[in-house]
Every structure is written in structure tokens, then in C-alpha cells.
1. Under the definition of Cα pairs under 8 Å and six or more residues apart, what whole-number percent is the relative contact order of the stretch A:73-361?
2. Choose one of A:A150, A:V161, A:V182: the residue whose Cα lies farthest towards the positive end of the charge dipole of the stretch A:139-223 (beta-carbon charges +1 Lys, Arg; -1 Asp, Glu; about the Cα centre).
3. Suppose every Lys and Arg Cβ carries +1 and every Asp and Glu Cβ carries -1, with no other charges. What dipole size does the protein assembly as shown come out with about its Cα centre, to the nearest 20 debye?
4. Counting only other residues whose beta carbon sits under 11 Å from that of B:D90, what net charge do I get with K and R as +1, D and E as -1?
5. Considering only C-alpha atoms, what is the centroid distance from the stretch B:43-113 to the stretch A:11-71, in Å?
6. To the nearest Å, what is the center-to-center distance of the stretch B:403-447 and the stretch A:115-193, using C-alpha atoms only?
7. Using every Cα-Cα pair within the stretch A:73-361, state what percent have a distance larger than 37 Å.
8. How much area per residue is accessible in chain B when the probe is 1.4 Å and only protein heavy atoms are counted (Å²)?
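The values are calculated or read from the model by the stated rules, or taken from the named source; none is laboratory data. These numbers were taken from a predicted model, which means no experiment stands behind them. Virtual Cβ from ideal backbone geometry, glycine too; neighbours counted across all protein chains shown. Surface areas here come from the heavy atoms of the whole protein model, side chains and all, with no ligands, DNA or RNA. Shrake-Rupley method; radii C 1.70, N 1.55, O 1.52, S 1.80 Å.
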Protein chains: 2
Amino acid sequence: MPPPETCAMQPADLIITARWTIPVEPEGRVLDDHALVVRDGRILDLLPRAEAEQRYSARELVRRPQHVLLPGLINAHTHTPMTLFRGMADDLPLDTWLGQHIWPAEARWVDAGFVRDGAELAMLEMLQGGTTCFNDMYYFPDVIARAVDASGLRAGVGMIVLEHPTVWAQDADEYLRKGLAVRDQFRGHPRISMVFAPHAPYTVADDSFRQIRLLANELDTQIHMHVHETASELAESHKQHARRPLQRLDELGLLTPLLAAVHMTQLTAEEIALLAGRGVSVVHCPESNLKLASGFCPVADLAAAGVNIALGTDGAGSNNDLDMFGEMRSCALLAKGVAQRAEVVPAAAVLSMATRNGAQALGLGDRIGSLLPGKEADVICVDLSAAATQPVYDPVSQLVYATSRNQVSDVWVAGRQLLADRQPLLADAPAILARAEAWRARLSAARGSNAHD
Amino acid sequence: MPPPETCAMQPADLIITARWTIPVEPEGRVLDDHALVVRDGRILDLLPRAEAEQRYSARELVRRPQHVLLPGLINAHTHTPMTLFRGMADDLPLDTWLGQHIWPAEARWVDAGFVRDGAELAMLEMLQGGTTCFNDMYYFPDVIARAVDASGLRAGVGMIVLEHPTVWAQDADEYLRKGLAVRDQFRGHPRISMVFAPHAPYTVADDSFRQIRLLANELDTQIHMHVHETASELAESHKQHARRPLQRLDELGLLTPLLAAVHMTQLTAEEIALLAGRGVSVVHCPESNLKLASGFCPVADLAAAGVNIALGTDGAGSNNDLDMFGEMRSCALLAKGVAQRAEVVPAAAVLSMATRNGAQALGLGDRIGSLLPGKEADVICVDLSAAATQPVYDPVSQLVYATSRNQVSDVWVAGRQLLADRQPLLADAPAILARAEAWRARLSAARGSNAHD
């Protein structure tokens, strides 16, 4: 007969103990010396370590005595394959950057191999920086979805839609048809959500928007789109449609909780109220907006209105990294500067944006984004023992204002460990880096301008 | 008889070879596969690796095949002991932060031991992040100077001056007298420059400024001061002096090339022209200004006017780290957002601010800040092999827009290695971190609010 204390022991797959745990729900809470219990890829319990030792018997125990345990970060807007363009063209206005550098490079180089190699580099970077889920928009979503499947990460993969022809499709009908075929292929995948991704109001026509609205409502599928990124987008919309893009999208029935509207640097008070009323999510990309001088997203006003605000890095072509720690810090700092009030957008609110709010923007609010029992175990550990993050009065402040991406030690997605003590377990890092360097050599040779001196 | 190629070999102490070298002078230059030759703590030569192998015979050879070699970063404004307040009070306006948190904490806790332990923690963080020189302002400059001496780093140590009494001195005369005594103690120190540090126009009286001007001119010594940090500082100056602080300082004869004016968020076009004409250096602290909602320094306009712009982190109490990579990125991004032009303040200009311009602001422009032969060998290596900094089209872009502080692998100051393959050689990191944690425990216990839950 087993001893009495063993009688009550419940089985688990994994227990992670940490110096601090930040469950994100409720916002701002920090638990000392707790244990997260995982079974079948889900969070079974979160309780004081001493109690966990009495109550659960796990196959694996991971102790992280100088770390914070928190939900994995969610990058709500990126274009993963563009990591292969990182640093290729900087310090340029959006139209020059796109028209003279990015679009020509895409026309010449983007194919399935480029997309696979770029997405793999991006996912390696995100994994090492504590991002467990991302919302992607690019050509060849089939290739991206296969790469996500192999990586162990979670993603919303965009079914991109444009009117103009590219290497992926010739017109909006073909984009939609091919996107839906990818959706069929990955239906029921536990870590991949296919998301409609009409590129922007200025590149997609009303008829296409109507189709997307019908399909999104019918299939209960999210929509991921650039909206109100720059002042010139609004000026163009006035010329072509005699209205602001948000008004046009509202008339087309697209302003619903299914929409994640990215950038949103140009907003009136009425539009902010409209977004709150319609339940639209805003994806804020502070570093991209700054680098391209696109304008300031009014984050403090959106937050005050109750709009769900998520965070994104944008592609590494414009950012130039996929670092959600950097993005959290930039978000908190910039919001205060823009609002001229140091008390707005505090650290805990920013951490919610990078986790729980991102999950909601991706339509995954009931599955990930916080450490509530029943949610999937997408979690990370961050080592705060570095000089730059000592001493620790408040781990939430430390994560947002002082932590660097390399302090992420461990990553699990749906309970499966993908990073252990800073080492990738699935990704073949040397091979991924070698393929990235091969692309650089090819692109640089073609540009004939690798020599700096 | 030695073989002919050995006849011409010159002796050296150290040769560092790197995949890329960025000498900073001339701005924007990147050298492939070069070697830096060091003798007697100074840069003897910078030349292609193959030529260096023919020409120099060194006692030590350091090969860094996936790294950038560049001048050490210069943090032109900080308050090192305040690292012990990191994250103690965030998301508060400047007056609340100072009046209700920082000043009471300083009154209760700051003594020589606090200053030593805080400065050592700050220097460990800066060393690990590639900062080789910093410009400090705090109480107990004698303690700070001793800590700098022991650390191997280089610093401008502020002779702080205020009118009101603190633990360090009772009135401006005593501050000055004690500061000058520290200066005598460290006269001729190869790595320590004592700098006048009147705190700000609103805390220092005209008579004290006149004395400081006389002494600074006589002793050819720099002046380090907060100026035009917030709009309320200007409003207060209008009430008390019926003029803006810069006008008052100009009338007092303080606007000269000896002055490093920190923050400068409130500037008219006329003032920018005045600063350029007088040769004043501006120290820009983008993250501190954002976090405290102090306003935006017009960096693009200052640069266009030819003003020397250096970069600083401010103290970790307000930033919350001493990360010059983060500060470079924030500077480049914010300048574009504020100017609404993506082409302003490009990466190479920002790297100059963090190196050469900082040296000029500290009065060390002829000794450090670039890799010109004859300058002291304050240099760092940065490893770009991480996924987040691959591929590399342009190492300058990579350093400013994508590199994290932890990628600094090696640091030398005056030719002496202080960090080797990420390990501190002089600093006793475990002891420094233990003392920081002891201070946190003491402060938290006194505040009675360590429990979050």
C-alpha cells in the first residue's frame, strides 16, 4: 500500500517552478515561488511550489530559481520571410523603401525557397526571444504553414489578398482561392490558424472586401490588415473613395471583433470610439512606425477607450528585428512621450498587450495568452540574474523596461519544450543561418554593392 | 640571421582581427577583414589583416571572425549609484517620481557604501554592454572615482553642485570645495576626468554658476548639467528669472564648448543656432525623456545645425537600464518619428553620437571615440552571428537597429582587456550582484511592500 501522501498525488507531464510567476490574468499580479503544472499540453494548475510538491507527481520537473515564468509572447504582426532583407535598406521614407528597394527585391527573389528560408530564420529569432505565437502576412502561406508545423511554434498564417499580380497569384480571386486551399490543407491543425489577410485598403477593392467579409463571418475567421498606416494612405483614399479608409471599411461591414487592424497611426476621437464600439483589435507596431516616420498611434487614447491593443514587430525589413521585449519597451516609452503623461500605459498593461491582447486579436483568447488553468501551455522563462536586471523590486517593470531578448532561457508551446537553457531543441540553427547567409551573398552579388570601402 | 620578412616586423602588444571594423572616422566606413594593432595602450595601426601579419609581431592575438570591432561606447549622462533604484518606481510623472520616491529614498539610504555598491553594479552592466566610458553625476564622487579606478573603465566623474544640503554637502561652497579636493586626489589619473556638475539651472544660483565658469575656464574642465529637461523647468525659470534657462546660462558665460547640456527637450530655432554658434554639446537621453514624458529633443534639427550630439542613458532609476545599444536604437527611431522624416539621423550618425561625439562632449575627443592611430585603445567586439542579426548586409545598420547588448563579446580600455568572450576579467560579478540584492532587501523591507499578491 502506498504511503498516505502519495494516495492523493495527481499525475502530470511537467512541473515548472520559478522565482516569480506572472499569470497576466489578473493584470499586474506577481506570484512568488509558484509552480505551473502541465498535462496533455494544457495548464492544469498554478499554485505555490510547496503545495504542488504535495499534490502533483510529474514526469519532468524544471526548476528556474532566478527566473520569471510567464505566457509566451505573441507577435501580432510580422512578415517572417522579410528577415532575409534585414538591414538591406534603412533610413528611407516608406515609399522609397518600398518602391525602390523592397518591391524590386521581392519581384526578383521571392519564391518558395526564399519564403521557407526566411520564415525559418524569423522563427529561430522569435523562439530565442520568447515569442511563441505570431501573426504572419506574406506570399506562399502554404510554405509558411509547413515551416510553422515543423518548428513547433504557433501562428496565424495569412491568406494574403491583393488586386495586383505577384509571384503567388494573379488577381484577388486567385489569391483567395489559393489561400482557402491552404486553409483546407491545415484545417484542424492544433497550432496553425489560417487568417484572411487583405493587404490594405489601398491595395484591395470593394468587391474583394465583400467576399472576405462573407467568408470571414461564415467561417468565423480573423482578418489581418494594414489600416491607416500613413497620412498619404488617407489622402489617397480621399481622392479615390472620397472617404477615410476606416469609414469605407465600416460601410463594407469589416469593422468587427474579427478584424486586427495594424498600425493605425492616423485616428480621430470619433474613430477611436467607433473601434471600441465595434470590438476591433488594433495591432500597434511602435518601432516600425517610428523607423518609417509613419506617425504616432494614439495608444493611451485607445487604451482609455477600451480598445483591445496588441503588439507587433512588423517585418525585419523595416524594424529591423523581431524582438518583442524591445517592442514592449518602445510601446511603453513612446506612449508616454506622445501622450505627454508618464503615468499612461504602465508596464503591466504593456505585458498584457504582448500576451493576452495578442491572443484576442488572433481569435485565440480562450486558448492562450495567460496562465489560466485549461489554457494551452505556451510559456517562457526569463532569467533576471544579469547585472542589467538587478536588483528586482518588480519583475513586471524589469521585463518591460530592462530585459533583453537573450535573457529568455526556456520556451514551451502546448507543453512541448522548444528552447532549453537558451538552446533550440527542434530548429537546426547552423543550417538556418547558413541558408540566410547564402541568400545574402546572392542578393549582395546581384546588387554589386557589398563593398563598403 | 632572421629571414627577410622578419627583419621588418615591428613589435606590438596586441592585435585584434575581426570580420568587420568600423573606425567611426570617417563616418559610415566599414572595413572588411582588418586588424587593429595596439602598443602601450594606444592604437598603433589599423590595416588589412594580411598586411598586419607581414608587418607586426604581437604578444597577443585575438581573432574574432564573426564580429564587428569598433570604438567602445560612451554613455555621456548617467547617475551610476541609482541602479540600486532600478524599477523601484515607474510610470510616474517626473515631479511625483522625484518628490515622492527618489528624493525620499536618497535621503534615507544614500551613503558611501550605497554609492560604491550602486556604481559597481552600474559599471558591471555597462562593461557587459560595451560601454567603456561614462559621464557620471552623483553624491560621493570620491567613492565613484575610486570604483572607476578599480574597474578599469574610463569616466568623467562629476563634481556635483547644488544649493540645498544633502548627505554629501551643505551648500554650494562645500560641494565645490569637496569636489575640487576629489579632483586633486585624482589629478593625472589616466582614466578619470573630474568634471564640474552643477545639477541644473533650477537648483544652482547665479553666484555658484559664476564660480564654476571661472574655475572651468581656468582649469580647462568640462561642465555637465541638466538643461531644459521639461516644460515646467522653463515655466519656473520665467517666474524666478524672467528668462529661459539657456538665456540665463548664456548671460552667465556658461555656453561654451566646455558645456555638455543634458536633455534639451525644449528648444527654439534661435536656441539651436545659439548652441551651434557657441559650440555647446547636447547630450540626448531619448529613453529617459520618453519614460518621464519630458518632451522630445529636436535631434534632427540639432544635427542639421551642426551641434555636437552625444547620447546618454540617464540613471537606471528612470531608464531603467544603462544599455547604449537600446539608446542608439531609440535615438534613431525617435528622431525619425519626431521629424516625420525617415531619412534623418541615419545609423552611421547615431553610432558617431555614441562614440566620437560622446568623447568630444567629455573633452576627450583627441584621446578616444574612434579608431584613429594614436588614440587610446578603448575598443569592443560585437558578435553578429545570432539569428537576430543575420544576415549582415550592413554592420552599421545591424549595430543600431538589431543588436542586443549581450552580443558584446570583448572590451578593452587603454589596451587592457576587461571583458573576454563575455566574461568580466576584473569585476567580481557574484559579489557585486549579492550586494545589490542586499540593498534591495533592505529597501523593500523598509517600504514594507515587497509582496505583490
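1. Answer for the stretch A:73-361 is 21 percent.
2. A:A150
3. Numbers: 80 positive and 110 negative charges, 135 e Å.
The calculated dipole for the protein assembly as shown is roughly 640 debye.
4. Details: positive: A:K336, B:R86, B:K291; negative: A:E343, A:D394, B:D91.
Neighbour charge sum, excluding B:D90 itself: 0.
5. Each part's Cα centre sits 36 Å from the other's.
6. First find each Cα centre; the distance between them is then 42 Å.
7. On the way: 2263 of 41616 pairs.
The share of Cα pairs beyond 37 Å in the stretch A:73-361 comes to 5 percent.
8. On the way: 15420 Å² over 453 residues.
In whole numbers, chain B has 34 Å² accessible per residue.
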